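Read-outs: derived from the displayed coordinates by stated rules, not from any lab. Note that the structure is a prediction, hence the values are computed from the model and not measured. We place every Cβ from the backbone using ideal geometry, glycine too, and count neighbours over all the protein chains shown.
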Ligand SMILES: Nc1ncnc2c1ncn2[C@@H]1O[C@H](COP(=O)(O)OP(=O)(O)O)[C@@H](O)[C@H]1O
Ligand SMILES: [Mg+2]
C-alpha cells in the first residue's frame, strides 16, 4: 500500500510537468488546428534559458558543493527561483512568438501539409540551437533545494523539490484556467479557437490572439523547463523530443484542444508511468503508456474530455 | 400566408426626406473574388440613416458576399465602400465594428462552446464602457426574454430560433448605428419568423439603420423602406419596398406567383 501511494505521489510530480507542457500543444492546436512539433524543443530551450538565468543570479554548479548552492538560506533561494521562473517564462514565451511568426503565420492559408512540415523543420532548428549552445552531452542542473526528504510515514517520502514542482505547476494551471475562463482576452482566445471570421466581426484581432496563444503556451513550456531541470538535474538538447512526445500524448489523451483535458492527461500519463515503472518494468513503460493511448482513442476518439458541445449546432 | 400592408404614405415622405442627406453607407462598384471566381460584378448601393433596406435574390446571387465585403471579411478587389463619410474598403473587420457597424452573419455563427452570456459579451468586445455595456446587455435581454432564461447555457445547446435571437442580440452589443443581418429567418418556423421580423422592425424604430438580406422576400420587403434585387453578382432592380412587392419580376421570382 505504501509503495502504491509513493508511486502515486511520484506520478503526480512527473505528471504535473507533462501537464504544463501538454497545455502548449493543446492551446495551439485549439486555435490553429496545428500540432506544434517545435513545442517540445521550445521547452528544451526554456530549460537552457532558465539555466542561464540561474547563472546570472550566481547559481551555478559548484563541484565542491553539489548541494545548497545558493547562499543566504531559504528565502533568497526562493526569491531567486521565482525571479528565474518569471524571466525564463518571458524569454521562452518570446521564442514561441517567433516560431509562430517565422514558421506558421506565412503558411496560414497554405494547404495543411505545409505548416506541418515547417513545424518539423522548426523543431530541428531549435534542437540544433540547443546542441550548439550546450553541446551534445547532458548538462547538469544545480541543486537548489534542501536535499532532505519529508517522511510522511516510514515508507512514503516527499522531496522538497517535489513540493515545489507540484505547487508551481498547479498554481500556473489555476492562473491559466482563470485567465482563459474569466478575462476578456481569454474569452477572445476561446472565441477565436471556434470561428475566425465571427471573432473578427466581434472586433477581435485574430492574428494577435493567435500570437498570444503561442506566447502563453511557450510561457508554460519555459516554466516547465526550469521545473524539470531543478527536478531531474540533467538536461540535454534531445529532451524536447522525449518529454514533448509524452506531453503531446497527454494532450491527445485528454482531448486535444481541451485545456482541462491536457491537465488531466498529463497527470494520468505521469501516474501510469510511475505505476508501470514499479509494477511492470520501466522497459515496458512506453508500451503501457502508448497502449493506453491507443485504447482510449479507439473507444473515445475525441479523448477523455473531448468536446462535449457540438462544434456548430 | 397573409398579405402584409404595404409601406404607408407618411413613411414614403420620410424616405424621401431621409435620402437627401449624405448616405450612411455608400457602396460603389464593388467587385469581390473567391480566388479567380468573381462573386460580385460591381455592386452599388446606398443606405440612409434610419432606413431598413433589404437585399433579395436567389441562392448564390451574392447577397452574403455583399455583406461580407461591406463588413471587411472578404475585401473587394475593386470599388469603394464609405461609412459615414469614411472609406472602409481597406479597413480590417475588427476595426470596422469600432466604427459603428455590426454584422450578424449567415448561419448565426454562435460560439457554441461559450455560454449565452459570453456570446453577448463577445459582441461588446470592441467596447470598454462597462456601465453602458451592462445597459445594452439589459436592453438585449429585454428584447429577447428567452435569452435571459438561458444565460448560463452553452450557445450550442440553444434551439435554432434562440440562436438567431442570440446572433442578433450579440450584434446589437456593439451598439451599432448600422446593423447587417444575413437571413435571420433561415430555418425558423413561421411564428418565429413573424417574431424575428417584428424585432427587426423594433430595433429599427429604436434608431438602428438596418441592411437585411432575405430569401423571405414578402415579409422582408414589407418591413423595409427600400430594397435591391440581386442576380448573379449584380443589382438588377432597386425601389421602395412597396413598389418591389408590386413589381412583376419580384412577384414571379420570389413570391412564387405566375
Ligand atoms: N467561400 C467561398 N469560396 C468560393 N466561392 C464562394 C464562397 N462563398 C460563396 N461563393 C460563391 O459566390 C457566389 C455568391 O455566393 P453568396 O454570396 O453566398 O450568395 P447568396 O448569399 O446570395 O446565396 C456563389 O456562386 C457561391 O458559390
Ligand atoms: Mg447567403
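Could you please rank A:281, B:247, placing first whichever residue has the fewest other Cβ atoms within 10 Å of its Cβ? Don't skip to the answer; put the middle values down first.
Details: A:281 11, B:247 17.
Ascending Cβ contact count within 10 Å gives the list A:281, B:247.
Taking the simple approach of a point 7 Å from Cα along Cα-to-Cβ for both residue B:194 and residue A:113, what is their distance in nm?
Using points 7 Å along Cα→Cβ, the separation is 5.7 nm.
What distance in nm separates the simple spin-label points at residue A:163 and residue A:4, each placed 7 Å from Cα in the Cβ direction?
Output for this residue pair reads 2.7 nm.
Helix A:113-134: angle to the longest alpha-carbon principal axis of chain A, degrees 0 to 90, nearest 10?
Once rounded, one gets 20 degrees.
Which one of B:180, B:192, B:25 has the biggest mean-square fluctuation once chain B is modelled by GNM with Cα springs under 10 Å?
B:192
Sort B:106, B:194 by Cβ crowding within 10 Å, fewest neighbours at the top.
B:194, B:106
Which value in deg cm²/dmol, rounded to the nearest 500, describes the helix-derived mean residue ellipticity at 222 nm for chain A, given -39,500 (n - 2.57) per DSSP H run of n ≥ 4 and division by the residue count?
Taking each H run of at least 4 residues, the total per residue is -24000 deg cm²/dmol.
What percent do you get for the relative contact order of chain A when only Cα pairs under 8 Å and 6+ apart count?
The normalised contact order for chain A reaches 37 percent.
Using the basic label-point model (7 angstrom from Cα toward the beta carbon), what is the residue A:149 to residue B:205 distance in nanometres?
7.7
If you build a Gaussian network model of chain A, linking Cα atoms that sit under 10 Å apart, which residue out of A:275, A:208, A:27 swings the most?
Most flexible of the set in this elastic network: A:208.
Which of the three applies to region A:115-201, rounded, prolate or oblate, going by the alpha-carbon gyration tensor with a ≥ b ≥ c and a/c under 1.5 meaning rounded?
On the way: a/c = 3.72, a/b = 1.35, b/c = 2.77.
Oblate.
Provide the FRET efficiency to the nearest 0.05 for the residue A:137-residue A:179 pair, computing r from the beta carbons and using R0 = 30 Å.
For R0 = 30 Å, the calculated efficiency reads 0.20.
What ranking of A:151, A:134 emerges when the number of other C-beta atoms within 10 Å of each C-beta is taken as an exposure proxy, fewest first?
By the 10 Å Cβ count, ascending: A:151, A:134.
Which angle between 0 and 90 degrees, to the nearest 10, do you get for helix A:184-194 versus the longest principal axis of chain A when only C-alpha atoms count?
That helix lies at roughly 60 degrees to the long axis.
In whole Å, how far is the Cα centre of region B:132-185 from that of region A:92-114?
35
Using a Gaussian network for chain A with springs between C-alpha atoms less than 10 Å apart, which of these wobbles most: A:55, A:254, A:266?
With Cα springs under 10 Å in chain A, the top fluctuation among A:55, A:254, A:266 is at A:55.
What is the average number of partner chain Cβ atoms found within 10 Å of a Cβ in B:109-118?
Taking all residues of B:109-118 together, the mean is 5.
Defining a contact as two alpha carbons under 8 Å apart and six or more residues distant in sequence, what relative contact order in percent does region B:109-170 show? Show your work: numbers first, answer last.
Working: 60 pairs, mean separation 35.0, N = 62.
For region B:109-170, the relative contact order is 57 percent.
Between region B:195-233 and region A:154-202, what is the separation of their alpha carbon centroids in Å?
If you average the Cα positions of each part, the centres end up 44 Å apart.
Explain nothing, just the number: relative contact order of chain B, from Cα pairs under 8 Å at least 6 residues apart, as a whole percent.
Normalised by residue count, the contact order of chain B is 26 percent.
Could you give the angle, 0 to 90 degrees to the nearest 10, between helix A:2-32's Cα long axis and the longest principal axis of the Cα atoms of chain A?
30
So in chain B, what percent of DSSP beta bridges are antiparallel if you round to the nearest 5? Show your work: numbers first, answer last.
On the way: 22 of 41 bridges.
Counting only bridges with both partners in chain B, antiparallel ones make up about 55 percent.
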